[in-house]
Each structure stands twice: as C-alpha cells, then as structure tokens.
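Below is one structure; the comments refer to it alone.
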Amino acid sequence: MTLRPDPTFYPSPQLATEAPPEELAYVVLLSPDGTRPDAMAVVDVDPESSSYGQQVGQTDMPNVGDELHHFGWNACSSHLCPWASHAHVERRFLVVPGLNSSRIHILDTKGDPRNPEIVKVIEADELASKTGYASPHTVHCGPDRLYISALGAPDGEGPGGIFTMDHETFELEGVWEADRGPQYLAYDFFWHLGHDALITSEWGTPSMVKEGVNPEILLAGGYGHQIHVFDLKSRQHRQALDLGAEQQMVLELRPAHDPRKAYGFAGVVLSLEDLSASVWLWYLDGNGDGEWKTKKVIEIPAEPADADNLPELLKGFGAVPPLITDINLTVDDQQLYVACFGTGDMKQYDVSDPFEPILTGSVRIGGIVERAAHPRAPGTPLNGGAQMVEVSRDGRRVYFTNSLYSPWDAQFYPDGIDGWMVKLDANPSGGIAFDERFFATFSEGLRPHQVRLQGGDASSDSFCFS
C-alpha cells in the first residue's frame, strides 16, 4: 500500500489537463472468427521513441470467444473525493470484460507496462450467481468501487443494468440498482458526482445484438431510445428521457468533467426517418424544478450512394448512414469528438456552449463506400471506419480505431476489416489533422476496439473538485 495518492490522480479537470503526456496506449484486440484468443495490445505513443506508433507488447487471453469490450482502470482521480477515503489505491489494473463470454479479466500493468499480466479471471457463472447479469460491457471506476454495466441476463434477455466490484480485491458485490423503475435496456453509464446523479443509456439485450443488427427490431424502433437518470446515493430511478422511437441506439454518454456542470452528451447511431445520426444534450433544467431534459444539438445526414456499393443491409436505402458509434469530450469540456463508423468521419466540435456546438474540424478515413486512405499511404484504400475514440488529458492528441463489434462489422463491412489505429493532432482552438507518422497495425485477423491511455485519459476520469 502506498502512503501518497497515485501521481496520475488529479483533484480537478484543470490540473488533469496539465498532466505529463501518455507514453503507452492499451488497446483490446478482437478475434472476429474466434479461432484465437482476444488480446490486449500495447502501443508506443511516445513521439521521441524509436518504436513510436508501433505495437510493443501483447497479452493474450486464456480462452477464445470473449469479444473484449469497454475496459477501464481500477482506480482514477475520483478517489481523491473527500468522502471516498481511497486515495491510496493505485491506477495499475485494467478491468477487461468479455461481451460474448461474460468473463471479466484483471490485468496488472505495474510490473511490465508493455506486457500486462493476467492476475484474475472471473467466469460467467460467478457473474450470473452474484449479480444475475451477463454480457458485461462498460467499466468505470468510481470514488468507492468499480461500476460495470451489463446488457442483460444469462438467458440473453433483460433487464440489463449495473453491478459493482471491489476495486482492490476484485470481488463481485452485486446489483447496483435498488429500484430500476422502467429501465430495461442498458449500455453505457456515467455520473455527475456534484449532483448525485447517474445517467444510463440503451442499446439492446444480448439476444438483440449478438447476431448483428436485426432489421425487424430496428424498423420497429425496438432498440434503445431512452436516457435514464438515477439518484446516485439511493440508487433509485428518477427519470426516463425518451428521445423518440425513431432515434435508434442511444450509446455513448459523455458528461461534463467539471462537477459543477449538470449536462452531458449522448450519441445516437441513426434515425429511422432519414438514416441521419445525432448527438443529444441532457441537462438539468435551470428553473430549479430538478427536472432533467434533452435537446438534439448535432445532426449529421446520411450520404447518397449507389446501391451496388452498399452492403446488403443498406442496399434498399441507397445511402450511407454516418452511424455515430462513439463520442468523446475533452477534459476541459471544450471540444467534442464524434466518430462516424459508416462514412469514416471523425468530427471535432466546439462545445464551449453545449447548446450550440460548432463544427471546427473533420477528417475521413475508411468508410463503407469511400475507403479513404491515410496520409502515410495515400494510394491505399482502407476499410472499417472511425470508431472508438480516446483523447489525451490535455486534449491535444486523439486516438481512434476501426472495429465496432464482430457481428456488426460483418454487416457493414462484409469484405472484412483490417485493423488499424491512428492519431490526430488537435488544436485547442479548433482543427484536427492526421499525424502522418502514426499508423498502427496489428496481428493478422485481430481487430482493435477500445483504447485506454497510460496514466488516464478523457473518458476514464471523474472529479470532485472544479
């Protein structure tokens, strides 16, 4: 046990933006056909290193078929909250869930950061017996423990929700919700520590997503289209904010980092009305009635395309939907990044006024139709598209990968996806451009998904001080 707080913990977002730059990135790799184990890759992101932009380590999982997903650190800056009393815990373990296998892997990065060691594996039957949940999806470290979302139950149905885990022993504690109210579908979650509010989003149960997009469910508006608000202390459901059944798949949630601010952004994959994608703002109404509300603040239209160039799922529409599958907010709450898996766009918005975002930068790589190249190899078309995005604490570096989820990859990119990870240099005043030196590739047959940065990043920290 250390007697001083981990030096990567920062009391406030402002201090976090002054942190030293990251030197390594941890990236989960998926084996889409299940012929080999998934893995945790380590990528060198130090521009002064001779191996910059290259994979420098890898830890294979002990089994096949995990479909590793949105992993997280065991501890973070929220451990400095004055009521938490956990400042001694180190940010050293990666908690890595398997969406398909329902296993949870604990990896220790301290001994050899380039080759994390698997120190514990929690099997699906233990998760089921202690929580009633399956298909663990997203990991967030809270001030007092680990919180993990799950898509549903072991039978493949719902409800989905959140369970908790001790952040030192990694023992499962149980279901988080005391009263879930009407909430049934689950996906992402995060909180406003300064307002005792926890926010959740909706995708679908395991049976609704594991075989790919189900057109019948989609066209019936059956995927998630609500945001839920819970009281963080009592664990009681407070509000359901319905965006409308035409707004299908409310996925990533990015709340403001400043604990005084009561708003955040949610990405919606597509609209049934016109195949557009959108970003919605949730916010606590300033009239003092305690009600949370929503507003659509960004809309990205679909792009017309020849049906011959489209995958089977989209031929009848004659267009490429943007498919917003990830968003990320800089630690200073000034810029929002929006990943469009369908068109391959990564867009940067100035959200200093969260009600009126302004587009300040855009790049394109891959894409269902265009197959845009990277500047490093301008004549080489790329498949996959902008997907999981992570931002450095100072907001100057943006990393993203090109794989979504194996069965969904196969529908939108039926010719397969060759995995890559790229980096953007970002101007805090607006503007983004590819780092031409950085184009990471991985072992044949493995695809990169979620990224975490050594020492912390924009989406893995929450703060109690402004």
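The values are calculated or read from the model by the stated rules, or taken from the named source; none is laboratory data. Treat the numbers as computed from the prediction; the structure is a model and nothing was measured. When we count neighbours, we look across all protein chains shown, and the Cβ atoms used for this are built from the backbone with ideal geometry, even at glycine.
Within segment 47-75, track down each residue that is without any contact (Cβ under 8 Å) to a residue 40 or more places away in the chain and in a loop (DSSP other than H, G, I, E, B).
Our first condition is that a residue be without any contact (Cβ under 8 Å) to a residue 40 or more places away in the chain; within segment 47-75, this holds for 48-51, 60, 64-66.
Residues satisfying the conditions are Glu48, Ser49, Ser50, Ser51, Val64, Gly65, Asp66.
Within segment 245-275, count every residue that is among the small types (Gly, Ala, Ser) and surrounded by fewer than 19 Cβ atoms within 10 Å (Cβ to Cβ).
So the first thing to find is which residues in segment 245-275 are among the small types (Gly, Ala, Ser), and the list is 245, 256, 262, 264, 266-267, 271.
Those still in the list that are surrounded by fewer than 19 Cβ atoms within 10 Å (Cβ to Cβ) too: 245, 262.
Number satisfying all stated conditions: 2.
Identify all residues within segment 348-357 that are over 15 Å from Ser429 (Cβ atoms) and assigned to a strand (DSSP E or B); write none if there are none. It would help to see each step written out before you state the result.
Start the filter on segment 348-357 by keeping residues that are over 15 Å from Ser429 (Cβ atoms), which leaves 353-357.
None - no residue of segment 348-357 is over 15 Å from Ser429 (Cβ atoms) and assigned to a strand (DSSP E or B), so the list stays empty.
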Just to check your reading of the model, which residue among Asp112, Asp144 is surrounded by fewer than 21 Cβ atoms within 10 Å (Cβ to Cβ) and under 24 Å from Asp60 (Cα atoms)? Asp112
Counted residues in segment 229-279 being within 22 Å of the chain's Cα centre (by Cα), of a type in the set (S, T, N, Q) and closer than 30 Å to Pro143 by Cβ come to 0
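Scan segment 11-27 and tell me whether some residue there is of a type in the set (Val, Ile, Thr), closer than 13 Å to Pro116 by Cβ and in contact with a Leu (Cβ under 8 Å, 6 or more places away or on another chain).
No, that holds for no residue.
Only one of Ser135, Ser149 is in contact with a Pro (Cβ under 8 Å, 6 or more places away or on another chain) and within 18 Å of Asn74 (Cα to Cα). Can you tell me which?
Values: Ser135 fails: within 18 Å of Asn74 (Cα to Cα).
After ruling out the rest, the residue left standing is Ser149.
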Report yes if Gly430 is over 27 Å from Ala75 (Cα atoms), in a loop (DSSP other than H, G, I, E, B) and at pLDDT 95 or above, otherwise no. yes
Ala41, sole failed condition from (1) touching a residue at least 12 places away in the same chain (Cβ under 8 Å); (2) closer than 15 Å to Ser392 by Cβ: (2)
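The rows are residues; the columns are (1) in contact with a Pro (Cβ under 8 Å, 6 or more places away or on another chain); (2) β-branched (Val, Ile, Thr); (3) over 24 Å from Gln226 (Cβ atoms).
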{"residue": "Gln248", "(1), (2), (3)": "no, no, no"}
{"residue": "Arg254", "(1), (2), (3)": "no, no, no"}
{"residue": "Phe265", "(1), (2), (3)": "yes, no, no"}
{"residue": "Leu270", "(1), (2), (3)": "yes, no, no"}
{"residue": "Leu284", "(1), (2), (3)": "no, no, no"}
{"residue": "Gly290", "(1), (2), (3)": "no, no, no"}
{"residue": "Lys296", "(1), (2), (3)": "no, no, no"}
{"residue": "Pro311", "(1), (2), (3)": "yes, no, yes"}
{"residue": "Thr325", "(1), (2), (3)": "no, yes, no"}
Quick test of your reading of the structure: Gly430 fulfils all but one of (1) surrounded by fewer than 18 Cβ atoms within 10 Å (Cβ to Cβ); (2) over 27 Å from Arg260 (Cα atoms). Name the failing condition by number. (2)
Residues being over 25 Å from His88 (Cα atoms), out of contact with any His (no Cβ under 6 Å at 6 or more places or on another chain) and part of a loop (DSSP other than H, G, I, E, B) - total across segment 155-211: 20
Condition broken by Ala41, with the remaining ones in (1) farther than 24 Å from Tyr147 by Cα; (2) within 22 Å of the chain's Cα centre (by Cα); (3) small (Gly, Ala, Ser) satisfied: (1)
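Sort through Tyr337, Tyr349 and tell me the only one that's at pLDDT 95 or above, closer than 23 Å to Asp409 by Cα and among the hydroxyl-bearing types (Ser, Thr, Tyr).
Numbers: Tyr349 fails: closer than 23 Å to Asp409 by Cα.
Of the residues listed, the single one that is at pLDDT 95 or above, closer than 23 Å to Asp409 by Cα and among the hydroxyl-bearing types (Ser, Thr, Tyr) is Tyr337.
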Hits in segment 231-260 (condition: free of Cβ contacts under 8 Å to residues at least 60 places away in the same chain, among the basic types (Lys, Arg) and farther than 20 Å from Leu151 by Cα): Lys233, Arg238
Counted residues in segment 1-46 being crowded, with 17+ Cβ neighbours inside 10 Å, of a type in the set (A, V, I, L, M, F, W, C) and outside any strand (DSSP E or B) come to 4
For segment 180-209, what are the residues that are over 23 Å from Tyr283 (Cβ atoms) and either free of Cβ contacts under 8 Å to residues at least 40 places away in the same chain or in contact with a Ser or Thr (Cβ under 8 Å, 6 or more places away or on another chain) (or both)? Tyr184, Pro206, Met208
So, of the residues in segment 389-405 that are aliphatic (A, V, I, L, M) and under 15 Å from Phe439 (Cα atoms), which turns out to be surrounded by the fewest Cβ atoms within 10 Å (Cβ to Cβ)? Val389
Evaluation of Gly445 against (1) over 26 Å from Arg36 (Cβ atoms); (2) assigned to a loop (DSSP other than H, G, I, E, B) (one fails), failing number: (1)
With (1) free of Cβ contacts under 8 Å to residues at least 60 places away in the same chain; (2) of a type in the set (Val, Ile, Thr); (3) in contact with a strand residue (DSSP E or B) (Cβ under 9 Å, 6 or more places away or on another chain) as the list, and Thr138 as the residue in question, which single condition is left unmet? (1)
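Taking the conditions exactly as written (out of contact with any Ser or Thr (no Cβ under 8 Å at 6 or more places or on another chain) and surrounded by 18 or more Cβ atoms within 10 Å (Cβ to Cβ)), does Leu336 satisfy them or not?
Details: out of contact with any Ser or Thr (no Cβ under 8 Å at 6 or more places or on another chain): no; surrounded by 18 or more Cβ atoms within 10 Å (Cβ to Cβ): yes.
Spelling it out, it is not the case that Leu336 is out of contact with any Ser or Thr (no Cβ under 8 Å at 6 or more places or on another chain) and surrounded by 18 or more Cβ atoms within 10 Å (Cβ to Cβ).
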Within segment 336-358, residues in contact with a strand residue (DSSP E or B) (Cβ under 7 Å, 6 or more places away or on another chain) and closer than 17 Å to Pro259 by Cα come out as Val351, Pro354
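Of all residues in segment 298-309, which are aliphatic (A, V, I, L, M), farther than 23 Å from Ile227 by Cβ and touching a strand residue (DSSP E or B) at 6+ places or on another chain (Cβ under 6 Å)?
At the first step, the residues of segment 298-309 found to be aliphatic (A, V, I, L, M) are 298, 300, 302, 305, 307.
Adding the requirement that they be farther than 23 Å from Ile227 by Cβ leaves 302, 305, 307.
Scanning segment 298-309 gives Ala302, Ala305.
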Please enumerate the residues belonging to segment 315-337 that are more than 27 Å from Ser429 (Cβ to Cβ) and touching an Asp or Glu at 6+ places or on another chain (Cβ under 7 Å). Ala319, Val320
